[in-house]
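Below: one structure, written as structure tokens.
The values are calculated or read from the model by the stated rules, or taken from the named source; none is laboratory data. Note that the structure is a prediction, hence the values are computed from the model and not measured. Heads up, the Cβs are rebuilt from the backbone with ideal geometry, glycines too, and the neighbour counts pull from every protein chain shown. Just the protein is used for accessible areas: all its heavy atoms, side chains included, with ligands, DNA and RNA removed. Shrake-Rupley method; radii C 1.70, N 1.55, O 1.52, S 1.80 Å.
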Amino acid sequence: MGFRHGIIGMIVKVDRLSSLPDDLIHKILSFISLTQAIELSVLSSRWRFIWTSLPYLNFNEPHSSPHSFKFVSNALSQRNNQTQVYSIKITFSSKSFKQILNYTFSHNVQQLSVSFFSSSIIMTSIWNLPALKTLHLDGITLCDDNTNNCVGFLSMCTNLENLSLGGFKVRGTNDLTLSHPRISNLTLEHTHLNLDLIKVVAPQLKNLNINHFNGKHLMISAPGLTSLVIKGCRIFQLIATQGFPSLEKVDLCFINTNPPYFEDPLNLVCVLQQSVKFLTLNLDILEVFFLDVVCHVYLSMSTMDDGNSKKTKTKQSIYNFLLQ
């Protein structure tokens, strides 16, 4: 009996988590918030300061409001500055943004994800982040006083490869140009309603994801583009300035799509069909194609006025009748 209890005692005393190498512990802690990682410091003496060397700083709290400026400041000041920071993820008000940018620059952070809570930040080109490779911004206002394309800050991120913009607005113009020589992955989500045109100029772009594009025109200059995903409620005009010679996969998903459209859905598919190898369409857009075919056939057989305004009005009435 004593021998058995001795074996159990030895097993209990073995702390397998604390015996893991730091790199593996850091990887485990990267899946939780920084607050939770700090709370785990009470587990053992070895874990007491493990959070100060985390290369992944996740300030986001699940199901709660953003951290205060004081908490962010204290956490950054108590970090072990001898260790590299690979990524920062944070949701907060604009008050802490400048501090985060300065920290990102001084520590050569490669990944930055920022979401703004109940306010927005105006991006300018004064923020130089040459080490940054991945940038996700949500809830920003794009504006630059020195250029007309509102995204001068991208030129200061010389090594940027992955860019994601969500819920963004553009101040002072209805057009937006996203231009960068190195970006290979671009995601645009929930664009603001005041945009008429978004122009993407990216020679190295491989993957483009458009989610709920609310503009009227999307102009793409990306000869190396291989994958295009478009999801949303509005059908817009797609303009390919150099064609799509490398395009292999296109996924179109328009949900609850009702007329009137910014663009004829058949024209949108025709632009892509010229070079794409794999084209995926959802049922809603197939329904739109059917309605368009019915309308075109009806209008071609009718003896109504040939005026464009008359035909547009007639086409709308046909849609309304078929959708009843």
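Residue 32 exposes around 50 Å² of accessible area when a 1.4 Å probe is run over every protein chain in place. Take the Cα of residue 209, step 7 Å toward its Cβ, do the same at residue 226, and the gap between the two points is 1.7 nm.
For the cross-link pairs 27/206; 27/249; 98/133; 231/277; 98/216, the ones whose C-alpha atoms lie over 23 Å apart are 27/206; 27/249; 98/216. Might you work out the accessible area of residue 22 for me, using a 1.4 Å probe with all protein chains in place, and round it to the nearest 10 Å²? Solvent-accessible area, nearest 10 Å²: 70 Å².
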